[in-house]
Amino acid sequence: MNKIFYPIDKRQWSPSLIPGPVVLISTANKSKEPNVAPKSWISMVSFEPPILMFSGSKENTTENNIIETGCFAVNLVDSSIADTVFRCLNWHGRERIEKCGFELVPGSAVDAPLVDNCRAHLECRLTETKEVGSGYVIFGQIVAASIWDEIMKAELGRRYKMLDQVMFLEDGVRGRIDTSVKTD
């Protein structure tokens with residue numbers, strides 16, 4: 001099989017060579033006003049301690065809240081709310097939360113709300129920010145995690161199907177993780 005030229009601009013990728021998990025980053029400012037924003041450029045960077053990173057834009061409410069308060073939550077998006085999450089870019093702030101029907105509950109370890117509509121959550125404390133290109137990379141240590149108990153009660157082979165995580169592939173295209181295969 002021959003390989004051909006492929007553009008280096010991710011906006012031109014079809015198929016996407018680097019899919020990203022779709023999450024909702026939830027924050028609150030110092031006045032406790034909540035904010036929820038969709039993101040898909042997120043990854044683990046360390047096991048010990050457990051640190052993840054995501055990238056965001058300068059001057060956005062999400063990033064400003066994180067820098068101001070030092071914490072945030074990552075809410076994993078499943079297919080039952082994916083359409084809502086992709087439409088939520090039409091609104092901002094409190095209007096986004098209300099129009100999308102996001103139900104917020106307090107975090108257990110950080111002063112950022114959790115989106116109760118999601119099946120799993122990671123609560124993080126800010127460890128570092130790095131300015132990269134047109135935005136920031138936010139690093140956060142995971143200090144608490146939660147998941148639906150039904151998922152953990154299921155056989156290993158069904159857990160990913162039940163988590164039903166959504167992946168951003170390219171503009172207008174998404175996929176799901178609904179299959180897992182144990183490797184030797």
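The values are calculated or read from the model by the stated rules, or taken from the named source; none is laboratory data. These numbers were taken from a predicted model, which means no experiment stands behind them. Heads up, the Cβs are rebuilt from the backbone with ideal geometry, glycines too, and the neighbour counts pull from every protein chain shown.
Out of Ile138, Ile147, which single residue is in contact with a Lys or Arg (Cβ under 7 Å, 6 or more places away or on another chain) and either of a type outside the set (D, E, K, R) or surrounded by 16 or more Cβ atoms within 10 Å (Cβ to Cβ) (or both)?
Details: Ile138 fails: in contact with a Lys or Arg (Cβ under 7 Å, 6 or more places away or on another chain).
The conditions single out Ile147.
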- Task: Give the residues of region 55-90 that are closer than 18 Å to Ser31 by Cβ, part of a strand (DSSP E or B) and out of contact with any Cys (no Cβ under 6 Å at 6 or more places or on another chain), sorted by residue number.
- Result: Cys71, Ala73
- Go over the candidates Lys182, Lys161 one by one and state the one that is without any contact (Cβ under 8 Å) to a residue 24 or more places away in the chain and either surrounded by 17 or more Cβ atoms within 10 Å (Cβ to Cβ) or of a type outside the set (S, T, N, Q) (or both). Lys161
- Note on the structure: When (1) modelled with pLDDT of 95 or more; (2) among the basic types (Lys, Arg); (3) closer than 30 Å to Met162 by Cα are applied to Lys30, the one that fails is (3)
- Could you look through region 38-54, keep only residues that are free of Cβ contacts under 8 Å to residues at least 40 places away in the same chain and assigned to a strand (DSSP E or B), and pick out the one that is farthest from Ser79 (Cα to Cα)? Ser46
- Would you mind telling me which numbered condition in (1) closer than 23 Å to Ser31 by Cα; (2) in a helix (DSSP H, G or I) Ala109 fails? (2)
- Task: May I ask you to list pairs of residues, at least six apart or on different chains, whose Cβ atoms are under 8 Å apart, with the first in region 1-22 being in a loop (DSSP other than H, G, I, E, B) and the second being acidic (Asp, Glu)?
- Result: Trp13/Glu170; Ser14/Glu170; Pro15/Glu170; Ser16/Glu170
- Output the residue which, of all residues in region 34-62 that are among the charged types (D, E, K, R) and at pLDDT below 95, is surrounded by the fewest Cβ atoms within 10 Å (Cβ to Cβ). Glu59
- Query: Take the residues of region 135-184 that are within 15 Å of Val77 (Cβ to Cβ) and part of a helix (DSSP H, G or I): which is nearest to the chain's Cα centre (by Cα)?
  - Reply: Leu163
